[in-house]
Amino acid sequence: MRYQSSRPKRQFLAGVRCPKCQVLDAVVQINVVTPAPDEYIECTLCGHSEHRPDPDEISAKNHLEDQINRDAMVTGTSGTVKFKP
């Protein structure tokens, strides 16, 4: 049986900017095993932390954006501004 520590596993994410302070290479991914499995990112400089978005929320947002694009195609408007001479 493999030994598993109960301490959180921390891993730096190269090339990732903090969503709050925009500093490059300061974000750490943290995996917690006990008491309940959890995963989130945290900035080592400003302390900002963020959990993964819920897959259902992402799906709903993508569906809404697809619907807006389909509606724009039907009405002939694509969101661009056209100037008349």
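The values are calculated or read from the model by the stated rules, or taken from the named source; none is laboratory data. From a predicted model like this one, the values you see are computed outputs, not experimental measurements. So basically every Cβ, Gly included, is an ideal-geometry build from the backbone, and we count neighbours across all protein chains shown.
Scanning region 51-75 for residues that are in a loop (DSSP other than H, G, I, E, B) and under 17 Å from Arg10 (Cβ atoms) yields a single hit, Arg52.
Against the numbered list (1) at pLDDT 90 or above; (2) at positive phi, Gly79 comes up short only at (1).
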